[in-house]
Amino acid sequence: MSTATVENSSHPRESARVRADDARPLFGWLFAVAVICMVAAYIRAIYFTPIEALQGAAQKIYYLHVPAALSAYLSLSIVAVMSIVYLWLRDERADRLAESAGEVGLIFLTAVLTTGPLWGKPIWGTWWTWDARLTLTLFLWFLTAGYLVLRGAIDDRSMRARYSAVLGILAALLIPFIHLSVYLFRTLHPMPIVLKPDRPSMPNDMLFTFLSFFGACTLLCISLIRARYRYGVARDLLRAAESEGEGI
Amino acid sequence: VRPPLLATAWLIARKDLAIEFRTRTAFFAVLVFAVLGVAIFYFAWDVTAVSALDLAPGVLWVIFTFSGLLSLQRSFGVEQADRAMDGLLVSPIDREAIFLGKALANLVFVAGIQAITIPAVALLYNLPLGATLPILFGIALLAAVGLVAVGTLFSAMAANTRLAELLLPMLSLPFFVPVVYGAAQATATLLAGRPPAEAWPALKLLIAFDVVFLTACTFAFPFTIEE
């Protein structure tokens, strides 16, 4: 494949294109704002939001749990889209963004998977149940962890980018199948435990707490991805400088 | 003019199978592993609490998954000696043909293991297979196609990484979930003596998985071997 050879030989030049001023401070103002919003949302949830009548204090986990899940989905969607973009355009930035979003996604998935059981134990009476959404989240965690391990196991930059993009796309294809498996399973063997009740309407002050957590969490997610991306830029710059040094 | 895709794939598969047939070490090792696994399961089994019919589908599909992984491991491992992979890559053949050939050889390998393990499980666990045996082989074949499609691709990828043996199961197992689920459900339905029509949703899942991932992995493979 002649295009592949051209692609490969252009890589040193591509890394040289990363200019020195691209290496900016990792945690900028955006991260500071996100942290402040997060703290404010916590204070609001803990001290200024009424305790739910049926579930008690455990219900407050919801304010962190659901926004964390949404941030995780956001991150993983970025991985999937950037995987396609990378294989299409062969732009290193897409690969770096996928890498950053993958790592941040794993953090948020871990938050979802730890806050979930904490809520489930008092409300459902069990830490874990093989419900469709729980199982899917668990396997998203496995897939994301596998994705990051794969990245760590390859030294060659373009090979790492291609392999992880292929895995990113296949994982996106897999998710409907896992979902379908658990869904079929669930209809064959009905679960004894009722799913989390959907509230048609939430009291306004609870809704506001949820929305502020949602905003803070999304902001934190984006600022973390940005910080991780900038770290990637700095790392690649350093590698490029090192290999140039070796050349001389 | 390049030779047709499937003819080339068959050549590659025949090469791999010839290597395997002449050495026979891998097939024998994986077969022993599979039967050993079946036997080990017996010791973790409370005969009075769980009936063989309930246990067998799980045993079968866990064993197939792991012995499948073992057999897939060597698929691209054999190309590493003397950098034989480079020979394949410089040959005037389509990359897709290399993938399909490798996958076909793996399919024959895995199906061979299954053909011996299924009767072995039936024998050791006293399963009344009888008329359901052909259907069971059909399910096994459908599942094997899915396992092999994903596994062959990941085997090609894992062989080039620092973690080779460790990475293949880590990447593959999440992808085996729908396959194991579909196959085990269909097997359980059959063994319980329920009408085969009840196994249809699980089989549809298997077929859809095979179609989607055989296609996706065939197209993805060339991206993993650019040099």
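Between B:Thr215 and B:Arg22, how many nm apart are label points set 7 Å from Cα along the C-beta direction? Calculated label separation equals 3.9 nm.
By the helix-only formula, in which each DSSP H run with n ≥ 4 contributes -39500 (n - 2.57) and the sum is divided by residues, chain B has a 222 nm mean residue ellipticity of -27500 deg cm²/dmol.
Provide the net charge surrounding B:Lys102, with neighbours chosen by a C-beta distance below 15 Å and charges set as Lys +1, Arg +1, Asp -1, Glu -1. Working shown, then result.
Details: positive: B:Arg14, B:Lys15, B:Arg74, B:Arg95; negative: B:Asp16, B:Glu20, B:Glu79, B:Asp94, B:Glu96.
Charge balance near B:Lys102 sits at -1.
The relative contact order of chain B, computed from alpha carbon pairs under 8 Å that lie at least 6 residues apart in sequence, is 27 percent. Each part reduced to its alpha carbon centroid, segment B:57-117 and segment A:31-94 end up 41 Å apart.
Computed over the alpha-carbon pairs of segment B:71-145, the distance histogram in 10 Å steps reads 16, 37, 23, 16, 8, 0 percent, short to long.
So what's the convex hull volume per residue for the Cα atoms of segment A:33-144, in Å³? Write out the running numbers ahead of the final one.
Numbers: hull volume 11.4 nm³, N = 112.
Spelled out: Cα convex hull of segment A:33-144, divided by residues, is 101 Å³.
Given 37 °C and 0.692 mPa s, how large is the Stokes-Einstein diffusion coefficient of the protein assembly as shown in µm²/s, with Rh as the Kirkwood radius over Cα pairs? My calculation gives 132 µm²/s for D. Note on A:Lys121: aspartates and glutamates with a C-alpha under 17 Å away, same-chain residues under 8 apart excluded, are A:Glu52, A:Asp131.
Rg and Dmax over the alpha-carbon atoms of segment A:20-99 stand at 18.4, 57 Å.
GNM on chain B, alpha-carbon springs under 10 angstrom: the most fluctuating residue among B:Gly68, B:Gly87, B:Gly37 is B:Gly87.
Read-outs throughout are calculated quantities, based only on the coordinates presented, and are distinct from any laboratory measurement. What you are looking at is a predicted structure, and each value in this text was computed from that prediction instead of being measured. No Cβ is skipped: glycine too gets one built from the backbone with ideal geometry, and neighbour counts run over all protein chains shown.
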